[in-house]
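One structure is given here, and the rest of the page talks about it.
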Amino acid sequence: MYERIKSILLTVLIGLSITLTWMLWTYRPAYDYLETTKYILEQTVSNRKADIATIVKPERILFHKGDRHYGSSTFGEVYSIFQDMKKWKMEQFDQVLDTLDYEGFQDFIADNADVEIDFPTTIPIDAAHSMFQVAARNDNASFSFDKIILDVTSNRRGVYFISTYNNTIFRAEVERVYLDAFRDRYYQNATNYQSYELFKLTDSRSIYVLNEEIEMQRQQYYIETIEPEVFKDALFPDPTYVKRDIFTFGEKYTDGTSLMDVNHYDQLLLFVNTSSTNNANKRTTQLLEKSISFLNDHGGWTDYYLLSELDIYQEKVQFRLTIGGYPVFNQNGLAEIQQIWLDNEIFQYQRPYFNFGIPLNRDVIPVSMPSGLSVLEKLKSKKDFNMTMLEDITLGYELIKDPLLQKVVQLEPRWYAKYAGKWQPIVFNEVMNVGGDQ
């Protein structure tokens, strides 16, 4: 009897074991489908963020007092003045007149500009809502400005946003108390700033240039390399699918729809989204905002960059490195972050993959730079120099990589000319050239 019970129990246990084994083999959990990208840890290059208010800055502020002109392009002074203006409450953006001819446009500026605030590129009028306290959004989203003028010596209440590219003027209302405070604090003390001179380039074009020497510093910095793998993880949707190829002077990453080309010699990378298509009838909307968000999303603000170029027709945005308040230039693009967009998607993204580390203070050397007026006079005296191709000049730094020390760069003070649409160094030697060897 006992043996029979043991046999029955053994049979039951064997059957239960077989049943449980079958259930484990055939079990399929009822998980909802989840995209693979949900599991990918988001990688960022840095923790820095930016917005329109932090990367859009004037390059120069001018005060006109009769036939005397004063102003500053020094970052600290320009920043302080512009910060005060950001507190102003503006409303009623309206176009002053239809597009003016050149003479009418210049007459309007001469009659109303006690103060000129110049920007390095065109700024969409929508950006004014991030730069100032604007009561209501305007209906002129297609308008862009590159200059603001103030009339602080009359009783008028206007702030004028100017496009020098198509001679268009928009006016915003502001409380007179703000203009009066600006007059008392800055305009009345204009002589404390640097002297400027109006220089005639051609019969129809003139620019204001610095009329005194200024001291800059020749500097050296230690640079820190950001590993390309960090950008790979930050820029590709799924880094696990990215293939890497190594070459003599660089490497290439691709996932089939995008590629990232890395130049080891210059420490420059180019990311291209090959899935983007060019639709001439479809423009990228809110180009500036998208460009800033793109860099914010992957932590691309590795140094202090400011907006230097915005072209809504070519859908191109450029941010330029700024050191000590001066723009930095390099013929190979090592001082720029450049984006090109197509159909609201990033198409090309080019930038250096290093950031500035500690300054090597032992190599800080003061350099006396000639006045802008003397630079232009010398350029105009050159027979082979076409003044009609000259747009502007500015002081800046040339970024030069040390040929022997890969981790060291030199910042050389130079005058730069925007000539035929491109910034080029003005080389001071026996003949004084724009461009040339760098």
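The values are calculated or read from the model by the stated rules, or taken from the named source; none is laboratory data. It should be emphasised that the depicted structure is a prediction, and the values quoted were computed from it without experimental measurement. We place every Cβ from the backbone using ideal geometry, glycine too, and count neighbours over all the protein chains shown.
Yes or no, residue by residue, for (1) in a strand (DSSP E or B); (2) under 27 Å from the mean Cα position of the chain (by Cα); (3) hydroxyl-bearing (Ser, Thr, Tyr); (4) not assigned by TED's automatic domain parsing to the domain that holds residue 72:
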| site | (1), (2), (3), (4) |
| --- | --- |
| 340 | yes, yes, no, yes |
| 346 | yes, yes, no, yes |
| 349 | yes, yes, yes, yes |
| 368 | yes, no, yes, yes |
| 374 | no, no, yes, yes |
| 377 | no, no, no, yes |
| 380 | no, no, no, yes |
| 383 | no, no, no, yes |
Regarding residue 273, is this residue in contact (Cβ under 8 Å) with a residue 24 or more places away in the chain, outside the structural domain of residue 415 (by TED's automatic domain parsing), touching a Phe, Trp or Tyr at 6+ places or on another chain (Cβ under 7 Å) and over 25 Å from residue 404 (Cα atoms)?
-> yes
Conditions: (1) at pLDDT below 95; (2) farther than 25 Å from residue 223 by Cβ. Residue 340 meets all but one. Number of the miss?
-> (1)
For residues that are of a type in the set (Asp, Glu) and surrounded by fewer than 14 Cβ atoms within 10 Å (Cβ to Cβ), scanning just region 402-438, find the one that is modelled with the lowest pLDDT.
-> 437
Any hit, region 63-77, residues being closer than 30 Å to residue 303 by Cβ and part of a strand (DSSP E or B) = yes
Evaluate the following for residue 267: is it in contact with a Pro (Cβ under 6 Å, 6 or more places away or on another chain) and surrounded by 12 or more Cβ atoms within 10 Å (Cβ to Cβ)?
-> yes
Residues in region 76-105 that are out of contact with any Leu (no Cβ under 9 Å at 6 or more places or on another chain) and crowded, with 16+ Cβ neighbours inside 10 Å total 8
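Here is a yes/no grid of residues against (1) in a strand (DSSP E or B); (2) surrounded by fewer than 19 Cβ atoms within 10 Å (Cβ to Cβ); (3) not assigned by TED's automatic domain parsing to the domain that holds residue 83:
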{"residue": "181", "(1), (2), (3)": "no, yes, no"}
{"residue": "198", "(1), (2), (3)": "yes, yes, yes"}
{"residue": "204", "(1), (2), (3)": "no, yes, yes"}
{"residue": "240", "(1), (2), (3)": "no, yes, yes"}
{"residue": "259", "(1), (2), (3)": "yes, yes, yes"}
Is there any pair with a first residue in region 308-333 that is closer than 21 Å to residue 426 by Cβ and outside any loop (DSSP other than H, G, I, E, B) and a second that is at pLDDT 95 or above and of a type in the set (Lys, Arg) whose Cβ atoms are under 7 Å apart and which are 6 or more apart or on different chains, and what are they?
-> 308/320; 309/316; 327/320; 328/320
Under 7 Å between Cβ atoms, at least 6 apart or on separate chains: pull out the pairs that start in region 370-389 with a residue that is closer than 20 Å to residue 195 by Cβ and end on any residue that is among the charged types (D, E, K, R).
-> 370/213; 371/212; 371/213; 373/197
Can you spot a residue in region 96-116 that is in contact (Cβ under 8 Å) with a residue 40 or more places away in the chain and under 27 Å from the mean Cα position of the chain (by Cα)?
-> yes
Reported set for region 356-366 where residues are surrounded by fewer than 18 Cβ atoms within 10 Å (Cβ to Cβ) and part of a strand (DSSP E or B) is 357, 358, 359, 365, 366
All positions within region 292-337 that are more than 27 Å from residue 237 (Cβ to Cβ) and among the basic types (Lys, Arg) = 320
Residue match in region 159-172 (condition: part of a loop (DSSP other than H, G, I, E, B), modelled with pLDDT of 90 or more and of a type in the set (Phe, Trp, Tyr)) = no
Would you be able to tell me the number of residues in region 204-256 that are among the hydroxyl-bearing types (Ser, Thr, Tyr), over 28 Å from residue 301 (Cβ atoms) and touching a Lys or Arg at 6+ places or on another chain (Cβ under 6 Å)?
-> 1
